[in-house]
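Take a look at the structure below.
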Amino acid sequence: MASRMVWRAALRTGPDLGLSSLRGFTTAAALCRRAAPLGPMPNDDIDLSDPKSLKRYNSFTVYLKAAEAAKSKKCWWKTYRQYLKEENGNNDEFLVNIGLPGSQSSRSERAKERYRLVKENRHNPEMEKASRQLTLKIPVDRVQAEWECTAGPFQLRDVAMHYGVYRDLFPGAFFIPRVMLRVAYGNEATSHVHYGNHITPTEALTAPRVTFEADKGSLWTLLLTSPDEHLQDNEGEYVHWLVGNIPGNAVQSGEELCHYMPPFPVKGTGFHRFIFILFKQDKVINYEQHSRPSPCYSLKERTFKTLEFYKMHQDRMTPAGLAFFQCQWDESVTNTFHRLLNMKEPIFTFLRPPVYHPPQKRGYSKLEPNPATQDWRGRGHTQDGTPIQGGLKPQTHQRAGTGETRRATAPPSMQ
């Protein structure tokens, strides 16, 4: 509750930044009492004190049958997946595929091709010799190309679902990225965009180099958007780059509808997603209503929604490629706000509550009276607890000279 009150207090500074509404997060915690289980817990029937007495399976097939029987058996408890299914429902089962169709080859044809390649490799004496001498080299480029044609698009779809790309850009739909996008902000490997890797705003100050495989005479549309960056609308986006009617894979020859804007994730808001989407066009599209002035540094004009953009042109284009990276604040974002956007930089900070100090109790020194006993702690006592008359006599030590012994004497006032 304290965190929620502090975060709301921090959001009150939004009008000072010229923003009508800001989005944030709230957290709440509740204390609960653990109830007794409604039945036996999993694996309670297994006696681990005597491992030799446990049932042994002679083969994996027997174990698999026993596991399937245990899985189909009804239990009083629920798994985490079942709880999520009750809360969110089967949303994934009703998603519509709006992407390009896949290859028409059947599974049997792919199996025959794989068997042919395996048989060919086994009858290759040079490969067999290199494998036996541990000098066989596997070309990574061929492995990459094979992955992009087979399991790659489906794995990229799963990664995009994990990061919520389809949920935020195409609610109720998804697509399989059949065309591989290669995006690079520089020559170094760390500046290449993959699928959720981290790139700093400093590295992304200028437009990247985008390449992809395309047939001659085909038309494409390239979009770069951020669903996490909008300052006033939770469902809104900011378009960072939009190029339409790209002939083949020549992005520089396309119609630039909105020039490139570097990322500007606000300080204190964590990582933002920046998503490249490649659409394949059936024919030339008139993008006059989506064209922005150049240069365009108005956040209002850059407000964008991918779903509405796709609905307007869904009969003439299809999403085909996908790549995205994550980005968080650095020093270059301040320069983007001040020089390009010409506005005060908003900063989100978490105001922590003051440290609680419990009330301190006053202690008593040895020379101060204790109010509870009204006695002096400095008085001496015997072993049976009787106070010594007149208190302790402090001893003073005199420095002894040569040939003399030290002796303790009391001051004249105490004698």
*Sum of side-chain charges, Trp329 neighbourhood, beta-carbon under 13 Å (Lys, Arg +1; Asp, Glu -1)*: -4
*Under a cut-off of 25 Å between alpha-carbon atoms, report the lysines in cross-link reach of Lys65, not counting same-chain residues fewer than 8 places apart.*
Lys52, Lys55, Lys73, Lys74, Lys78
*Take the Cα coordinates of the range 236-347, assign each an equal point scatterer, and use the Debye formula without solvent to give log10 I(q)/I(0) at q = 0.11, 0.12 Å⁻¹.*
-0.40, -0.48
*Ranked by accessible surface with a 1.4 Å probe, highest first, in what order do Cys149, Cys75, Cys258 come?*
Cys149, Cys75, Cys258
_If you count only protein heavy atoms and use a 1.4 Å probe, how large is the accessible surface of Leu100, to the nearest 10 Å²?_
40 Å²
*asked:* Percent of Cα-Cα pairs more than 19 Å apart in the range 242-290, please.
replied: 40 percent
_1.4 Å probe accessible area per residue over the range 139-287, in Å²_ = 45 Å²
_Linear extension gain, Ile46 paired with Glu331, 0.36 nm per residue minus alpha-carbon span_ = 96.7 nm
*Val251, Val143, Val355, reordered so the largest accessible area comes first (probe 1.4 Å)*: Val355, Val143, Val251
*If you add up the charges near Pro42, with Lys and Arg at +1 and Asp and Glu at -1, over every other residue whose beta carbon is less than 14 angstrom from its beta carbon, what do you get?*
+2
*Average the reciprocal distances over every distinct pair of alpha-carbons in the range 151-266, invert the result, and give the Kirkwood radius in Å.*
15.6 Å
*Rg(Cα)/(2.2 N^0.38 Å) for the range 107-184, N = residue count*: 1.58
*How much accessible surface area, in Å² rounded to 10, belongs to the heavy atoms of Asp168 with a 1.4 Å probe?*
60 Å²
*asked:* Quick check on the range 39-159: what does the Kirkwood estimate of hydrodynamic radius come out to from the alpha carbon pairs, in Å?
replied: 21.1 Å
*For Glu86, solvent-accessible area (1.4 Å; no DNA, RNA or ligand), Å²*: 120 Å²
_Cα-Cα pairs of the range 175-240 separated by more than 17 Å (percent)_ = 55 percent
*Take Lys112, project a point 7 Å from its Cα along the Cβ direction, then tell me which residues of the range 142-171 have their backbone nitrogen under 17 Å from it.*
none
*What are the lysines whose alpha-carbon lies under 26 Å from the alpha-carbon of Lys344, with same-chain residues fewer than 8 places away excluded?*
Lys267, Lys300, Lys305
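The values are calculated or read from the model by the stated rules, or taken from the named source; none is laboratory data. What you are looking at is a predicted structure, and each value in this text was computed from that prediction instead of being measured. In this analysis, Cβ positions are derived from the backbone assuming ideal geometry, glycine residues included, and neighbour counts consider all displayed protein chains. Side chains included, ligands, DNA and RNA excluded: accessible areas come from the protein's heavy atoms. Shrake-Rupley method; radii C 1.70, N 1.55, O 1.52, S 1.80 Å.
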